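Following: one structure in structure tokens, then a few remarks.
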Amino acid sequence: MDGLDEALAAVDAVDRALVTGLLRPRPERAADLLELADALAGSPLAGVVAEAAEKAGAAAAGEDHFVALAAGRTALLGAAHDALTALVDETTGRTRGEPAPPAAGDRETVNLLAAARTWLSDLARTGWQGIDHELVGGAAPIVSALLPQPGLRRLATLLDGFAAELAASCPGAALDRIPARRWGDLWARALLLTCPGAAEPAATAPATGRLLPLGVDLHEHATAAQAQVHAVFEPADGTAPRLVRASVSVPKPDTVVAAGVWQLLRPHLSLLAALGEGRTMDLDGMPLTEEGDLLWDDTLARAGEPADALATARVALATAVTPPVAPLDRHPARIAEPVFLEGYEIRQDGDTLTFTVAGQPYTVDTDRIPAAGPLTPEAVAASGACIALLRWDDGEFRVQPLAVETTVRRKPVALHAGAWAGGTTDKAGLRAEKAATDAVTVLRERAGRLLRK
């Protein structure tokens with residue numbers, strides 16, 4: 001794709017500068033920053049980024065210059081995102097909504113934002129190779145001050161997680177490998193969130209109509225889990241159907257794994273039960289952001305009639321409107337577009353599975369298939385139709401299966417990654433559920449004893 005490699009190369013150049021830091025002048029770092037300025041030469045950011053690159057290359061950058069560098073880096077990734085999503089829209093034939101203008105910021109929190117900006121600027125000057133516990137620990141009081149402010153919790157959560165990740169990697173000088181792109185992403189995003197208005201909550205409108213679940217994307221960490229349900233929403237007023245998402249995140253003990261994770265998630269999102277049972281949900285005034293995120297409230301939803309996700313995908317996906325993406329969320333790694341595939345050729349090369357659709361090969365991301373469901377890489381390899389998320393990863397589009405249609409004993413069978421979300425009679429799933437129940441019970445008893453003491 002024209003310009004994509006060049007844009008990402010300029011992002012890599014900024015990340016190289018952040019590895020060694022901008023505290024002292026270095027000719028090679030100055031050249032890296034000029035590469036960013038050259039990539040944005042024809043953009044509205046050209047002047048401020050060129051000045052920031054010159055100042056940072058001479059080790060004379062102030063906080064506003066670092067914000068400009070973060071904005072330039074983010075703009076390039078946003079342009080790459082837009083080019084890739086335009087290609088997705090062309091391939092799927094779907095239309096995409098337009099984002100709303102940003103909201104005005106709350107000036108009362110300017111001092112807290114300034115404190116966060118100072119810490120992030122110190123990180124840029126020191127560089128990832130120079131981080132130590134004293135520098136990283138400077139985030140703690142800032143996070144504590146940000147958390148009580150509802151409008152600043154997004155920034156607080158990001159800083160808290162970023163600082164924890166850096167602390168686990170200290171000292172930076174001893175690192176064999178530095179995740180430069182990831183830390184560059186976190187640094188730039190956090191720095192832009194310190195700009196008044198950037199972290200304002202998304203505007204919502206009440207959504208009334210029918211919700212048809214497509215599948216669930218489950219993310220599991222040792223201490224947390226998140227389920228994001230992708231669905232088609234059919235408004236009651238007869239306007240075009242929309243692609244939407246509903247998410248829930250919970251902390252979890254590291255002993256709760258596989259199907260046991262659903263026990264922690266279910267109480268917070270009744271949609272998971274409907275997904276597991278293969279039902280629609282009727283919404284009555286559910287808050288929905290312009291970016292397609294349902295702010296789930298169980299009191300505004302009730303279970304509807306049975307619905308087959310694969311049939312929904314066949315019929316509704318092609319005409320559903322794709323929601324716009326908020327400016328700061330425009331990043332190639334954030335692309336996750338629901339698609340329906342069938343009639344593809346399957347090729348297995350060792351552990352690598354490939355679907356070829358209309359002559360275009362797509363690597364199947366089997367590593368993303370959760371253990372908390374009956375869907376397996378083997379079932380995907382034997383499938384004839386698939387609901388998947390189309391993602392951009394490591395320089396190529398990949399597909400992450402959410403559900404497949406396959407044949408078992410000469411009969412068509414649908415297997416869903418979220419089939420156990422609402423409960424299961426599967427033996428493996430039941431064992432995991434029981435183990436999770438036991439683990440949670442033990443932890444509650446221990447917590448109770450500690451509190452009594």
Next on the checklist: I'm trying to understand the selection: among the residues of segment 344-356, which are outside any strand (DSSP E or B) and touching a residue at least 24 places away in the same chain (Cβ under 8 Å)?
Outcome noted: Tyr344
Checklist entry - Out of Thr280, Thr289, Thr299, which single residue is β-branched (Val, Ile, Thr), within 22 Å of the chain's Cα centre (by Cα) and over 28 Å from Glu445 (Cβ atoms)? => result Thr289
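Results for (1) modelled with pLDDT of 90 or more; (2) surrounded by 14 or more Cβ atoms within 10 Å (Cβ to Cβ); (3) touching a helix residue (DSSP H, G or I) at 6+ places or on another chain (Cβ under 8 Å); (4) more than 23 Å from Ala318 (Cα to Cα), shown as yes or no for each residue.
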residue	(1), (2), (3), (4)
Thr366	yes, yes, yes, yes
Ala371	no, yes, yes, yes
Ala385	yes, yes, yes, no
Gly395	no, no, no, yes
Arg410	no, no, no, yes
Asp438	no, no, no, yes
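In this structure, does Leu112 turn out to be modelled with pLDDT of 95 or more and either buried (at least 17 other Cβ atoms within 10 Å of the Cβ) or under 20 Å from Val19 (Cβ atoms) (or both)? Break it down into steps so the answer makes sense when it comes.
Numbers: modelled with pLDDT of 95 or more: no; either buried (at least 17 other Cβ atoms within 10 Å of the Cβ) or under 20 Å from Val19 (Cβ atoms) (or both): yes.
In short, no.
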Checklist outcome for this item: The condition from (1) assigned to a helix (DSSP H, G or I); (2) of a type in the set (Lys, Arg); (3) modelled with pLDDT under 95 that Arg94 misses is numbered (1)
Checklist entry - Pairs, please: C-beta under 6 Å, at least 6 apart or cross-chain, first residue more than 21 Å from His81 (Cβ to Cβ) and in segment 1-28, second among the β-branched types (Val, Ile, Thr)? => result Val19/Ile178; Gly21/Thr126
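Just a yes or no: is a residue in segment 273-289 in a helix (DSSP H, G or I), in contact with a Phe, Trp or Tyr (Cβ under 9 Å, 6 or more places away or on another chain) and surrounded by 15 or more Cβ atoms within 10 Å (Cβ to Cβ)? Talk me through it step by step, then tell me what you get.
Here is the first cut: in segment 273-289, the ones in a helix (DSSP H, G or I) are 273-277.
If we keep only those that are in contact with a Phe, Trp or Tyr (Cβ under 9 Å, 6 or more places away or on another chain) as well, we get 276.
Next, only the ones that are surrounded by 15 or more Cβ atoms within 10 Å (Cβ to Cβ) stay: 276.
Scanning segment 273-289, I find at least one residue that is in a helix (DSSP H, G or I), in contact with a Phe, Trp or Tyr (Cβ under 9 Å, 6 or more places away or on another chain) and surrounded by 15 or more Cβ atoms within 10 Å (Cβ to Cβ), so the answer is yes.
Assess whether Ala417 counts as being under 30 Å from the mean Cα position of the chain (by Cα), under 23 Å from Leu265 (Cα atoms) and at pLDDT 85 or above.
Working: under 30 Å from the mean Cα position of the chain (by Cα): yes; under 23 Å from Leu265 (Cα atoms): yes; at pLDDT 85 or above: yes.
In short, yes.
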Checklist entry - With (1) assigned to a strand (DSSP E or B); (2) out of contact with any helix residue (DSSP H, G or I) (no Cβ under 8 Å at 6 or more places or on another chain); (3) closer than 30 Å to Glu342 by Cα; (4) polar (S, T, N, Q) as the list, and Ser249 as the residue in question, which single condition is left unmet? => result (3)
Checklist outcome for this item: Per the list (1) in contact with a Lys or Arg (Cβ under 9 Å, 6 or more places away or on another chain); (2) assigned to a helix (DSSP H, G or I), residue check on Arg398 breaks on (2)
Checklist entry - So is Leu159 under 17 Å from Val136 (Cβ atoms), touching a residue at least 12 places away in the same chain (Cβ under 8 Å) and either surrounded by fewer than 14 Cβ atoms within 10 Å (Cβ to Cβ) or touching a Lys or Arg at 6+ places or on another chain (Cβ under 7 Å) (or both) or not? => result no
Item to check | Search result, residues across segment 213-246 that are among the small types (Gly, Ala, Ser) and either surrounded by fewer than 18 Cβ atoms within 10 Å (Cβ to Cβ) or part of a loop (DSSP other than H, G, I, E, B) (or both) | outcome: Ala222, Ala224, Ala236, Gly238, Ala240
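I'd like to know if segment 152-174 contains one or more residues that are of a type in the set (D, E, K, R) and modelled with pLDDT of 95 or more. It would help to see each step written out before you state the result.
In the first step, residues of segment 152-174 are kept if they are of a type in the set (D, E, K, R); the result is 153-154, 160, 165.
Now restrict to residues that are modelled with pLDDT of 95 or more: none.
There is no residue in segment 152-174 that is of a type in the set (D, E, K, R) and modelled with pLDDT of 95 or more.
It is to be established whether one or more residues within segment 341-357 are on the phi < 0 side of the Ramachandran plot and among the small types (Gly, Ala, Ser).
Filtering segment 341-357 down to residues on the phi < 0 side of the Ramachandran plot leaves 341-342, 344-349, 351-357.
Remaining after also requiring among the small types (Gly, Ala, Ser): none.
Scanning segment 341-357, I find no residue that is on the phi < 0 side of the Ramachandran plot and among the small types (Gly, Ala, Ser), so the answer is no.
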Item to check | Looking only at segment 292-334, and only at residues there that are acidic (Asp, Glu) and not in a strand (DSSP E or B), the one that is nearest to Trp392 (Cα to Cα) | outcome: Asp329
Checklist entry - Among the residues of segment 26-45, which ones are surrounded by 15 or more Cβ atoms within 10 Å (Cβ to Cβ) and either in a loop (DSSP other than H, G, I, E, B) or under 29 Å from the mean Cα position of the chain (by Cα) (or both)? => result Arg26, Asp32, Leu33, Glu35, Leu36, Ala37, Ala39, Leu40, Leu45
Item to check | Residue pairs meeting the criteria (Cβ under 7 Å; at least 6 apart or on separate chains; first β-branched (Val, Ile, Thr), in segment 172-187; second part of a helix (DSSP H, G or I) and modelled with pLDDT under 95) | outcome: none
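The values are calculated or read from the model by the stated rules, or taken from the named source; none is laboratory data. Since this is a predicted model, take the numbers as computed values, not measurements. Because the Cβ atoms are built from the backbone with ideal geometry, glycine has one as well, and the counts that use them run over all protein chains shown.
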